[in-house]
Amino acid sequence: MDIYSETLLDHYNHPHHAGTLKRPDARSVKHNPLCGDTVSVDIAVTKQRTIGDIAFTGMGCALSQAGMSLLSDHSMGKTLDECVKMTSDTMDSLLGARVSPGRRSCADLGLTAVKDALIDLHQLP
Amino acid sequence: MKRLDDIKKEFPIFERTINGKPLVYLDNASTTQKPRGVISALSDFYSLHNANIHRGIHALSEEATERYEQTRKTVARFINAEVPEEIVFTRNCTESINLVARTWGEMHIGRGDEIIVSALEHHANLVPWQVLCMQKKAKLLVIPLTSEHELDMAAYEKLLSKKTRMVCVTAQSNVLGVCPDLKDLIKKAHARKALVLVDGAQSVGHRRTNVQALDCDFFAFSAHKMLGPTGVGVLFGKYELLEDMPPFLVGGDMVTTVEQYRSFYREVPWRFEAGTPNIADVAAFRSAIEFLDEVGLDSIEAHDRELWQAAFTMLAANPRVRVLVSDACSATSVLPFVIEGVHPHDIATIFDSEGVAIRSGLHCAEPLHRRLCVPATARMSFYLYNTFQDIEMAEKALKKIFKIFSLTP
């Protein structure tokens with residue numbers, strides 16, 4: 001069962017960037033109605049249009065929660081442009097495994113939340 | 001008579017492996033596997049008898065019509081309908097229920113009327129009534145559950161009133177496996193002149209159904225949950241009720257005479273079967289029913305119960321596992337559980353790595369999960385081809401979960 005790697009389980013049990021931000025520039029809550037997973041993400045953006053800070057709270061399976069934790073680490077310092085261009089492949093490489101179609105929505109839940117939070121900011125000049 | 005102990009070999013799918021392990025299929029509440037007889041009936045239909053039904057004069061069309069209509073007779077006998085004309089073929093159980101909501105409901109439900117559903121319902125027997133009530137400004141009432149997750153019959157009696165038009169209830173919960181006392185429920189509804197629609201999807205392939213003894217007004221189910229092909233649903237309706245209902249979908253095959261600006265409809269049940277139906281799958285469905293008859297529904301019911309009890313005992317022996325029903329309730333065939341600290345999706349993925357197929361999530365019953373205060377559940381569901389060995393494999397998968405998530409059992 002390569003998907004449940006030690007790294008993934010470590011992120012699931014001890015998520016990085018857990019919590020909320022006091023003054024987020026962007027926020028999004030995503031819910032997976034098929035399984036009841038939720039991720040709520042807060043993002044602070046720097047003047048240089050990069051990710052200054054990120055924090056999330058959530059509930060759900062190991063894939064959705066560890067995925068969001070890994071994605072938080074990965075997103076720090078990235079430009080808005082880089083962030084909105086992230087795809088399912090980004091999640092697969094972070095998780096170190098090809099996620100099965102049935103679990104795709106779990107693995108991508110955090111990604112959807114991050115992109116949703118940033119889309120408006122990204123479109124601002 | 002078929003014997004249950006070596007029945008697995010009649011199902012070709014069990015010859016394959018999943019992740020290098022023999023397939024253990026415990027997702028029968030979603031759909032069941034198909035015996036060789038059903039698969040070859042489907043192939044035989046297309047190889048030997050394929051034609052459109054009802055209006056053809058040629059031999060093939062007559063053969064196809066004969067096979068399609070023969071299944072109607074077989075279904076009628078299987079659930080003890082009075083006449084085959086009380087059997088309507090649809091695409092699935094959901095469509096059967098929609099048919100009633102859109103035709104009978106359209107005619108008989110008005111502002112201030114009340115429809116009662118139970119808290120156990122699958123979305124299929126909830127959403128059509130939500131929509132109907134919204135459109136008609138009628139009221140939707142819900143029968144709550146007792147602490148043992150059975151229907152609260154005392155609360156039900158209080159919900160019934162002279163405004164009640166229809167009671168919609170499952171014969172067996174697809175999440176909890178509990179089986180409401182339908183006879184009592186139907187009697188009480190009829191005493192208030194309300195009709196009863198039973199969602200029989202989970203029960204019909206697992207124990208005897210007798211629609212006349214139940215005295216239900218409508219009974220809906222799907223072929224694919226009882227060894228039959230996908231794409232075939234059944235609606236049983238009492239003849240005089242069906243006869244009084246307007247058509248559902250309109251167009252070809254459901255008409256007698258079509259003039260340029262108006263049409264006349266066929267008699268029941270063909271009035272409800274517009275367009276070319278799923279002829280081949282309906283024809284093959286008959287083989288599924290004959291298979292169930294050869295095994296015997298009483299044997300299947302007893303087998304389900306033994307497996308359920310064995311699986312319950314296996315799960316309940318682990319303090320980390322919480323089974324959502326007790327073994328003193330009416331639950332059978334379906335066994336819902338959660339593991340503290342492990343999401344049901346992770347449970348299902350790890351079970352799958354051991355070749356064991358189970359379901360995880362909300363099982364199309366979101367409001368029920370809210371009531372149970374769990375975000376999702378894992379579910380094992382059993383059928384005639386499952387064995388005690390399957391439960392041993394499930395136990396092995398469970399141990400693997402404990403290991404991966406470093407849980408002390």
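The values are calculated or read from the model by the stated rules, or taken from the named source; none is laboratory data. Please read all numbers here as calculations on a predicted model, not as lab measurements. Ideal geometry is used to build each Cβ from the backbone, glycine not excepted, and the neighbour counts take in all protein chains shown.
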Inset, instruction - Mind listing whichever residues of the stretch A:103-119 are within 14 Å of chain B (Cβ to nearest Cβ), crowded, with 24+ Cβ neighbours inside 10 Å and part of a helix (DSSP H, G or I)? - result: A:106, A:107, A:109
Inset, instruction - Considering only the stretch B:292-409, give the helices (runs of 4 or more DSSP H) lying wholly within it that have at least 3 residues that are in contact with an Asp or Glu (Cβ under 7 Å, 6 or more places away or on another chain), free of Cβ contacts under 8 Å to residues at least 24 places away in the same chain and farther than 20 Å from residue B:201 by Cα. - result: none
Inset, instruction - Could you please give the count of residues in the stretch A:75-102 that are touching a Cys at 6+ places or on another chain (Cβ under 9 Å) and assigned to a helix (DSSP H, G or I)? - result: 1
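Every residue, every condition in (1) assigned to a loop (DSSP other than H, G, I, E, B); (2) more than 19 Å from residue B:370 (Cβ to Cβ), yes or no:
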| position | (1), (2) |
| --- | --- |
| B:103 | no, yes |
| B:147 | yes, no |
| B:180 | yes, yes |
| B:206 | yes, yes |
Legend entry - Positions within the stretch B:247-266 being among the charged types (D, E, K, R) and touching a residue at least 24 places away in the same chain (Cβ under 8 Å), in sequence order: B:253
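What are the residues in the stretch A:55-74 that are away from every other protein chain (no Cβ under 13 Å), of a type outside the set (S, T, N, Q) and either crowded, with 24+ Cβ neighbours inside 10 Å or part of a helix (DSSP H, G or I) (or both), if any? Explain how you work it out, then say what you get.
First, pick out the residues of the stretch A:55-74 that are away from every other protein chain (no Cβ under 13 Å): A:55-57, A:68-74.
Still in the list and also of a type outside the set (S, T, N, Q): A:55-56, A:68, A:70-71, A:73-74.
Result: A:56, A:68, A:70, A:71, A:73, A:74.
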Legend entry - Failed condition for residue A:44, given (1) in contact with a helix residue (DSSP H, G or I) (Cβ under 8 Å, 6 or more places away or on another chain); (2) away from every other protein chain (no Cβ under 14 Å): (1)
Legend entry - Filtered residues of the stretch B:105-131 (kept if in contact with a Leu (Cβ under 8 Å, 6 or more places away or on another chain), surrounded by 20 or more Cβ atoms within 10 Å (Cβ to Cβ) and not in a strand (DSSP E or B)): B:105, B:109, B:119, B:120, B:121, B:125, B:129
Inset, instruction - Confirm whether residue B:199 is at positive phi and touching a helix residue (DSSP H, G or I) at 6+ places or on another chain (Cβ under 6 Å). - result: no
Inset, instruction - Give me a count of the residues in the stretch B:154-199 that are farther than 20 Å from residue B:101 by Cβ and among the polar types (S, T, N, Q). - result: 3
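Go through the stretch A:16-37 and give me each residue that's within 14 Å of another protein chain (Cβ to nearest Cβ) and touching a residue at least 40 places away in the same chain (Cβ under 8 Å). Before the answer, list the steps.
Quick first cut of the stretch A:16-37, residues within 14 Å of another protein chain (Cβ to nearest Cβ) only: A:31-37.
Selection gives A:32, A:34, A:35, A:37.
For (1) in contact with a Lys or Arg (Cβ under 9 Å, 6 or more places away or on another chain); (2) in a helix (DSSP H, G or I); (3) buried (at least 16 other Cβ atoms within 10 Å of the Cβ), each residue gets a yes or a no:
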position	(1), (2), (3)
B:42	yes, yes, yes
B:47	no, yes, no
B:64	no, yes, yes
B:70	yes, yes, no
Inset, instruction - For residue B:370, indicate whether it is under 25 Å from residue B:149 (Cα atoms), away from chain A (no Cβ under 11 Å) and basic (Lys, Arg). - result: no
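This table checks each residue for (1) farther than 27 Å from residue B:227 by Cβ; (2) outside the structural domain of residue B:44 (by TED's automatic domain parsing); (3) in contact with a strand residue (DSSP E or B) (Cβ under 8 Å, 6 or more places away or on another chain); (4) modelled with pLDDT of 95 or more.
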position	(1), (2), (3), (4)
B:247	yes, no, yes, yes
B:252	yes, no, no, no
B:273	no, no, yes, yes
B:276	no, no, no, yes
B:283	no, no, no, yes
B:286	no, no, no, yes
Inset, instruction - Could you please let me know if residue A:9 is over 15 Å from the mean Cα position of the chain (by Cα) and either away from chain B (no Cβ under 14 Å) or part of a helix (DSSP H, G or I) (or both)? - result: yes
Legend entry - Subset of the stretch B:398-409 [surrounded by 22 or more Cβ atoms within 10 Å (Cβ to Cβ) and more than 10 Å from every other protein chain (Cβ to nearest Cβ)]: B:398
